[in-house]
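The values are calculated or read from the model by the stated rules, or taken from the named source; none is laboratory data. Because the structure is a prediction, the values reported are computed rather than measured. Glycine gets a Cβ as well: all are built from the backbone with ideal geometry, and neighbour counts include every protein chain shown.
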Ligand SMILES: [Fe+2]
């Protein structure tokens, strides 16, 4: 159609969308077009602001490589990833869920590890931690034979794939739940870490006076045929950044009870100093068991990444 004024543009685009054969495509794109056009009207976007937005989106793509995904990072930094997770889990957003973000560091083929064993495959900084986790269905019945991948950072806040000084697959393991739906393992308590800020995500955080830290957490991926595969992260209850996670991942259900033990015998006799325990329950939902595409495939061989930390401004910008 020929366009007379700004209202006609939206009508023209939507009427062309009507030609699409795939109803879901039509629904998604129709909603995107209506909201994008309305966003431009509401914000009264100027031409130079629009050019800036296009340049930013192009940079998100340019910075995305085999080992870094700036698009996923900004989706998290805007809360979109959390929103998608919470709308698609917990009975489609109706109830609390132990599902969370997959994050950018899951690797396939973690070493199979016996229940109770350690996932420390080369020495790293960090206090010993003994983790017990239970998987239940929505009726509270234990789920046996679920495969659980576990991965987390060292006490220095680095995943093994980022850190050439750690052994391959350090602090990663694949466990199978027993008849009680239980797994247990030993590791070191993870530390929080800064997300990269050398691109649009850094500009976004600086403009708001936000820091770039994620609170310390352990990742879990629970796979069992007949159930929706669940990604989860259990956050350290003593982390100062729980309320200001740069990726908006922390939910009430996922603040783990990381208990510090001093002068108490640890479950392993070689532990002399303080140690931690973490017990956590996961609830998985009926659905399709499907592994995600691994966001990364290997381990860094170059230097450790430089850790750049932004301070949170005392008052809003
Ligand atoms: Fe993580």
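This table checks each residue for (1) farther than 20 Å from residue 193 by Cβ; (2) surrounded by fewer than 17 Cβ atoms within 10 Å (Cβ to Cβ).
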{"site": "256", "(1), (2)": "no, no"}
{"site": "260", "(1), (2)": "yes, yes"}
{"site": "264", "(1), (2)": "yes, yes"}
{"site": "273", "(1), (2)": "yes, yes"}
{"site": "279", "(1), (2)": "yes, yes"}
{"site": "287", "(1), (2)": "yes, yes"}
{"site": "298", "(1), (2)": "no, yes"}
{"site": "306", "(1), (2)": "no, yes"}
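The numbered conditions (1) touching a helix residue (DSSP H, G or I) at 6+ places or on another chain (Cβ under 8 Å); (2) within 16 Å of the ligand (Cβ to nearest atom) are all true for residue 160 except (1). Considering the conditions (1) touching a helix residue (DSSP H, G or I) at 6+ places or on another chain (Cβ under 8 Å); (2) crowded, with 20+ Cβ neighbours inside 10 Å, residue 75 is excluded by exactly one of them, (2). Right, residue 132: modelled with pLDDT of 95 or more and surrounded by fewer than 21 Cβ atoms within 10 Å (Cβ to Cβ) or not? Taking the combined requirement at face value, the residue satisfies it. Name the pairs whose Cβ atoms lie under 6 Å apart, with the first residue in the stretch 94-106 and more than 18 Å from residue 297 (Cα to Cα), the second more than 10 Å from the ligand (Cβ to nearest atom) and assigned to a loop (DSSP other than H, G, I, E, B), and 6 or more positions between them or separate chains? The qualifying pairs are 97/89; 99/89. Just so you know, in the stretch 213-241 the residues that are more than 17 Å from residue 148 (Cα to Cα) and over 14 Å from the mean Cα position of the chain (by Cα) include one that is surrounded by the most Cβ atoms within 10 Å (Cβ to Cβ), and it is 236. Quick check, is residue 213 closer than 25 Å to residue 68 by Cβ and away from the ligand (no atom under 12 Å from the Cβ)? Judged against the criteria, residue 213 is not a match. Looking only at residues of the stretch 195-209 that are surrounded by fewer than 18 Cβ atoms within 10 Å (Cβ to Cβ) and not in a helix (DSSP H, G or I), we find that the one that is farthest from the ligand (Cβ to nearest atom) is 209. The condition of being surrounded by 12 or more Cβ atoms within 10 Å (Cβ to Cβ) and under 20 Å from residue 294 (Cβ atoms) holds for only one of 110, 118, that being 110.
Only one entry of 248, 175, 185 meets the criterion of being assigned to a loop (DSSP other than H, G, I, E, B) and surrounded by 15 or more Cβ atoms within 10 Å (Cβ to Cβ), and that entry is 248. Here is a check on your reading of the model: is residue 191 closer than 25 Å to residue 99 by Cβ and either in a loop (DSSP other than H, G, I, E, B) or more than 14 Å from the ligand (Cβ to nearest atom) (or both)? Taking the combined requirement at face value, the residue satisfies it.
Would you confirm, using the coordinates I've provided, whether residue 63 is modelled with pLDDT under 95, within 16 Å of the ligand (Cβ to nearest atom), in contact with a helix residue (DSSP H, G or I) (Cβ under 6 Å, 6 or more places away or on another chain) and on the phi < 0 side of the Ramachandran plot? Spelling it out, it is not the case that residue 63 is modelled with pLDDT under 95, within 16 Å of the ligand (Cβ to nearest atom), in contact with a helix residue (DSSP H, G or I) (Cβ under 6 Å, 6 or more places away or on another chain) and on the phi < 0 side of the Ramachandran plot. Among the residues making up the stretch 78-114, a single one is out of contact with any helix residue (DSSP H, G or I) (no Cβ under 9 Å at 6 or more places or on another chain), within 16 Å of the ligand (Cβ to nearest atom) and either at positive phi or assigned to a helix (DSSP H, G or I) (or both): 85.
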